Structures are given as structure tokens and as C-alpha cells.
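Okay, so here's the structure we're looking at.
Since every read-out is calculated from the coordinates, none of them should be taken as a lab result. Because the structure is predicted, anything quoted here is derived from the model rather than measured. For neighbour counting, all protein chains shown are included, and Cβ atoms are generated from backbone atoms with ideal geometry for every residue, glycine included.
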Amino acid sequence: MGEVETAEKKLSATEMAELDRKIAVISLKHAHSEHANKMWLSHHWPKQHGERCFKVGKTHICTRCASLYPLGIVVAILAVAGLPIWPDSWDIAAIFVFAMPGTLAYVGEALGAFSYNRKAQVLATLVTATAFGKGLSYELENRWSPEFWIPVFVFGAIWFTATVLAHTSKK
């Protein structure tokens, strides 16, 4: 006990304030790290969980992702197995057209054109999932397929731009 008291007495008020600041920074980083580890299936901050996620046990899962990926993977498997999703001659145009509802839902909401609506988001995402799945089927059959990667880059750039614009306009 004497050592602790002695150590505390040797620190100036400025040094104690700096130590408190460093402890606060470390605590904040730890809290952020803990939350980041919990975001792997939701990638939404806790204040958005009730609106944008559903809960399985203690885990929050993004509604958009839960709509997109399972159906997209099923569509990809069916297409690779030879079941027609739509006529093959429609593929490029259909992939772009069917990716539009999910893109419009994301961009419109991100830029404030309309507020978030879970039902509309799921419906738009399910339509987009067919495009994702059909494009993914090309990628599964032929690595670096333009039928998959061109839409990913085009729509990814649109989503990224909308996200950046939304975040910079809020500041």
C-alpha cells in the first residue's frame, strides 16, 4: 500500500490527467473492438439493430444480407445445375435490371430520398438476389467472369458513392 501511495504522490496533476486520458482512450478502443467483433453479421451500430436487423439468440443479423445471400446462393446453384432462371440470352440485361431495385432502395434511403422501410428493403433485395445469383453462377463456372464482376464493380461504385455522399452531407 505504501508503494501505491508513493507512486501517486510522485505524479503531478498534469501527469495524472494525462494518465486518465490514456486510460480513457484505451477503454474506448476496447469497447469499440468488442462491438466490432459483434458486428460481423449485422455491420450496423446498436442504435440501428431494432430497425435493420433481426435477432437469433444474442446475435443481430442484417435483414438485407439475410435476404440477399441465401437466395442468391440458391439461384447460383440452380443456374449451375442447369435450371433456367430466365433465358440465357437475357443474362447481361437481366442481371443489370434485376440489380436495380436493391440499388434504388439502398441509394434512395442513404441519400434521404425516403426513409427506411424493412418490407420494401426485403422485397427489393430479393429481386436483386436473383441478379446476384445468376451473376454468381457465371463466376462459379468461370473465374473472373465479366457477367459477375462488371455488375459488382458498377453497382458497388454506386453504393459506395451513395454511402460517402450520405456520410459527408451529415457533417
- prompt: Using modelled amide H (1.01 Å from N, peptide plane; none on Pro or chain starts), what sits under 5 Å from the amide H of Trp86, excluding residues fewer than 5 places away?
  reply: none
field: For region 63-169, the fraction of alpha-carbon pairs in successive 10 Å shells from zero, as %
entry: 16, 46, 29, 9, 1
- line: Rounded to 0.05, the calculated FRET efficiency for the beta carbons of Cys65 and Glu18 at R₀ = 45 Å is 0.60
field: Residues Val25 and Val97, FRET efficiency given R0 of 41 Å [Cβ-Cβ distance, rounded to 0.05]
entry: 0.25
task: At 0.36 nm per residue, minus the direct Cα-Cα distance, what do Ala81 and Leu140 gain on full extension? Give it in nm, one decimal, please.
output: 20.1 nm
Full-stretch length increase - Ser169, Ser89 - with 0.36 nm per residue and alpha-carbon distance subtracted: 24.7 nm
statement: Karplus-derived 3J(HN,Hα) from phi for region 137-146 (6.51 cos²θ - 1.76 cosθ + 1.60, θ = phi - 60°), whole Hz, x at Gly and Pro, runs 4, 5, 5, 5, 8, 8, 3, 6, 5, x
task: Quick one: what are the phi-derived ³J(HN,Hα) couplings along region 94-104, Karplus 6.51/-1.76/1.60 with θ = phi - 60°, whole Hz, x for glycine and proline?
output: 5, 4, 5, 5, 6, 7, 5, x, x, 5, 4
field: Extension gain from Thr161 to Leu123, taking 0.36 nm per residue of separation minus the Cα-Cα distance
entry: 11.4 nm
- prompt: What size of dipole, in debye to the nearest 20, comes out for region 42-118 about its Cα centre when the only charges are +1 on Lys and Arg C-beta atoms and -1 on Asp and Glu C-beta atoms?
  reply: 520
